[in-house]
Amino acid sequence: MRKKFFATILSIILAVSLCSPAYASNLNQIEAELKQKELEMEQQLDGETQEEEPGSFQSGYSEDSDRTIFQEGAFTEGEFEKSDEIWSDGETPAFMDGSAETDSDEIPDVNDNPEEKEDISYEKILEIKDGDDITAPLNSLLYEVKDLASDDHPYKVIIPPGSYELTGTISTYSNISLYAAGAVITKTSSRKEVMLRLGSPEDIVGGYDGYRNITIEGGTWDANYKSVEDKEKEGGFVDFRIGHATNVVIKDITFLNNLKSHFIELGGVKHAQIVGCTFRGYWKGYEEGGQECIQIDSCIQSIFPEYVSDGSVCEDILIQNNVFDDVFAGVGSHSMMFDRPYRNIVISDNTFTNVKKRAVWCLNYQDSVVKNNLMKNVGGGVYVRSIYAKHTYFLDGQQVSNKQNQQSENVIVEDNRIFMSDPCMVEGKLWRSYGIWVSGGEYKGKEAYNVPEGGYAIKGITVKNNLISGSGDGIYFEIAGSCECTGNYINLRASDQMTNIGLTGRRCSKIQFLENDITGGKGPGIYMSDSIGTKKKLTISDNSVSCSQGGGIWFQKIPSGSALERNIVMKAEKDGIYGQSCSNISVKDNTVTQNNGKGILIQSCTSTKISDNTVTRNQSDGIQAYAKCNNGIISDNYCGTNKGKGIQILDSTGVTACGNLIRKNNSYGFACKNSNIKKYAENSLKGNGYSDKIYSKSSKIKYVK
């Protein structure tokens, strides 16, 4: 214990300069604010309506004659004989080996010569003038290639460098790579319509077998919301809608200026990559809905129109090395299928800058990772949630119960750097910034919508090695079980608008807070509460907490058997460790020093053991137990140079005090009032201010040699 004390002196000295005095809230105030915070979070979610497609949504071109291109049999033999209809300079596209096509405009069948299948690859270059409308010619070429491309012989359609207009929706198909490096494609239509989609609305294949082997690469795709009429009215539009597909790659694209919706929307997609893209700009006159740049979704008609409504969800999605700049929300999901989690979602190595709401939302994800992302000036870093009742959907006839639902589990959030923006107003309400929020759900009555009433805990979430800074909350767990929060560094600025806390756990079971480093904040550094009904212990160990204005480590109503061990708590503006209304808690081997209140304070905590702690240089008592801290044990602690008493027992019975070393405290070394000490033995008092004798009032002390 002595070695630990001296080993921490250097870190104590280094941290002193970071601290500044401020007012700290008491437990009741903190609880009230946390409950208000959770209520506000639910209200914020309730405002996140689905982006409905406008009634005038059109998936093809603006003219009826153009739309006939999607109909089976629309192309007749020789339809493209006039070169100026498709290729402006009259040249036919070339193969990748440079050879020209046959004189007839017929594309050769790749099956004509089976022996050459493995040696032939196909490339089509769209020939179009700079400044032209790309919609009809590109759709014609993609439709032409549609039935010729195969798994063995995919086609590459190239949009050459230049600037082009888009007045309708582009449709692409299986086994086609659409390449647009150097091209700038600007939506000039005044309608709210998708820029690019897989297939046409007439396609009826569901599951993951509708489309396959699709690549969209390069170029700048500008949604140009300024050109859209009636922006203020209901509805927006998606840039790229990708549904019922397997093996999709979207890479190295710049997306600009969306209106009220998503740049990319994935529904019922398996094995997809979105890599190296940039997402920038949105209409700031609209602050409702989720508006994620990349939405990971399911195929239900009300949220993913014009695809088969079979509840297919996304699996095996990689979102990596993308840039999100000046957008409303980053990536994730704000709707879900009951009992069908999104699986194997990896969001890594992305940069999020100036994101008004949250960077990442993992709703009902399993076996997923959010890793090594940089988030600067974001309203929220990572939100992991098990269920969202308002936007939970069911298949027709699906039998459901709250015991059945597949909930979020096995999600890892690690190695992210999150710099929170200051709290701001969104939709006229205060948006409370946070680094990482992990939340289950509990619903009853009207708030359950059509979800079975009950609790939906979030399980198996790991939050580790993240850096979080700013004036919001650090890491928050709510209705969570079997989760681990370890190795995070949290540096908070005190906020005038909220009690920002480093680590919070409310209504949690079997949570571990391990080896975290927390500095600053208006609330306590670590706060655990309202978990007593779970009967599964919590562990708070090996953390460092300094300069928190609301106290160091505070807990109340946590399960029997929970432990606070080997923590360093220093320079808090209130008590270092404070516990209330618990039973059988272990407070062991902590270093608690230079706090502005008491070192360790417990209230109404029965059978609690306080042992092997180093408690020094606090502004009040070193250790105090009061208000029915019955049958507690205070043993083998070092209490020295505290401004109040070394150890004080108030209004408690059956207390054991043994083996404590009590030195140079300003007041009495050991004091008890209205208490019964059932065993007092081998305590050493020396150099204490008032007296080295025990102060006792209305108490009984049983001395044991």
message: Please go through (1) farther than 30 Å from Q398 by Cα; (2) open to solvent by 10 Å² or more (accessible area, probe 1.4 Å) for R343 and return the number of the only condition it doesn't satisfy.
response: (1)
message: Among (1) surrounded by fewer than 18 Cβ atoms within 10 Å (Cβ to Cβ); (2) among the aliphatic types (A, V, I, L, M); (3) touching a Leu at 6+ places or on another chain (Cβ under 8 Å), there is one condition I418 misses while meeting the rest; what is its number?
response: (1)
statement: So the strands (runs of 3 or more DSSP E) completely within region 526-586 holding 2 or more residues that are open to solvent by less than 10 Å² (accessible area, probe 1.4 Å) are 526-529, 539-541, 544-546, 553-556, 568-570, 577-583
field: Single match in T614, T606 (criterion: in contact (Cβ under 8 Å) with a residue 40 or more places away in the chain and in contact with a strand residue (DSSP E or B) (Cβ under 6 Å, 6 or more places away or on another chain))
entry: T614
- prompt: Looking at E409, is it out of contact with any helix residue (DSSP H, G or I) (no Cβ under 7 Å at 6 or more places or on another chain), under 21 Å from H334 (Cβ atoms) and surrounded by fewer than 24 Cβ atoms within 10 Å (Cβ to Cβ)?
  reply: yes
- prompt: Within region 382-426, restricting attention to residues that are at pLDDT below 95 and among the aliphatic types (A, V, I, L, M), which residue is farthest from V313 (Cα to Cα)?
  reply: M425
- prompt: V331 fails exactly one of the following numbered conditions: (1) under 25 Å from N410 (Cα atoms); (2) touching a residue at least 40 places away in the same chain (Cβ under 8 Å); (3) assigned to a strand (DSSP E or B). What is the number of that condition?
  reply: (2)
query: Are any residues in region 669-703 in contact (Cβ under 8 Å) with a residue 40 or more places away in the chain and within 24 Å of S607 (Cβ to Cβ), and if so, which ones?
result: S699
field: Where E478 falls short, out of the listed (1) without any contact (Cβ under 8 Å) to a residue 60 or more places away in the chain; (2) open to solvent by less than 20 Å² (accessible area, probe 1.4 Å); (3) among the acidic types (D, E)
entry: (1)
statement: Flagged in region 348-373 as hydrophobic (A, V, I, L, M, F, W, C) and over 17 Å from G474 (Cβ atoms), in numbering order, are F352, V355, W361, C362, L363, V369
Candidate set: region 145-176, residues that are under 14 Å from K187 (Cα atoms) and of a type outside the set (S, T, Y); chosen: the one most open to solvent (accessible area, probe 1.4 Å): E165
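Would you check if K678 is surrounded by fewer than 24 Cβ atoms within 10 Å (Cβ to Cβ), in a strand (DSSP E or B), out of contact with any helix residue (DSSP H, G or I) (no Cβ under 8 Å at 6 or more places or on another chain) and not polar (S, T, N, Q)? Working first, answer last.
Values: surrounded by fewer than 24 Cβ atoms within 10 Å (Cβ to Cβ): yes; in a strand (DSSP E or B): yes; out of contact with any helix residue (DSSP H, G or I) (no Cβ under 8 Å at 6 or more places or on another chain): yes; not polar (S, T, N, Q): yes.
Judged against the criteria, K678 is a match.
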- request: Would you point out the residue of region 213-238, among those that are of a type in the set (D, E) and at pLDDT below 95, that is surrounded by the fewest Cβ atoms within 10 Å (Cβ to Cβ)?
  value: E232
message: Just to be sure I understand the filter: pairs with C-beta atoms under 6 Å, separated by 6 or more residues or on different chains, first member in region 281-300 and outside any strand (DSSP E or B), second member hydroxyl-bearing (S, T, Y) and crowded, with 24+ Cβ neighbours inside 10 Å. Which pairs pass?
response: C299/Y307; C299/S312
query: On the given criteria, is K645 out of contact with any helix residue (DSSP H, G or I) (no Cβ under 7 Å at 6 or more places or on another chain), part of a strand (DSSP E or B) and touching a residue at least 24 places away in the same chain (Cβ under 8 Å)?
result: no
query: What number of residues within region 439-468 are open to solvent by less than 30 Å² (accessible area, probe 1.4 Å) and hydroxyl-bearing (S, T, Y)?
result: 3
message: Looking at region 502-551 only, could you name the residues that are aliphatic (A, V, I, L, M) and over 14 Å from K574 (Cα atoms)?
response: L503, I511, L514, I518, M528, I532, L538, I540
query: If you take the residues in region 187-212 that are more than 32 Å from the chain's Cα centre (by Cα) and hydroxyl-bearing (S, T, Y), which one is surrounded by the fewest Cβ atoms within 10 Å (Cβ to Cβ)?
result: S190
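The values are calculated or read from the model by the stated rules, or taken from the named source; none is laboratory data. What you are looking at is a predicted structure, and each value in this text was computed from that prediction instead of being measured. Note that we place each Cβ from the backbone using ideal geometry, even for glycine, and neighbour counts take in every protein chain shown. Only protein heavy atoms, including side chains, enter the accessible area calculation; ligands, DNA and RNA are left aside. Shrake-Rupley method; radii C 1.70, N 1.55, O 1.52, S 1.80 Å.
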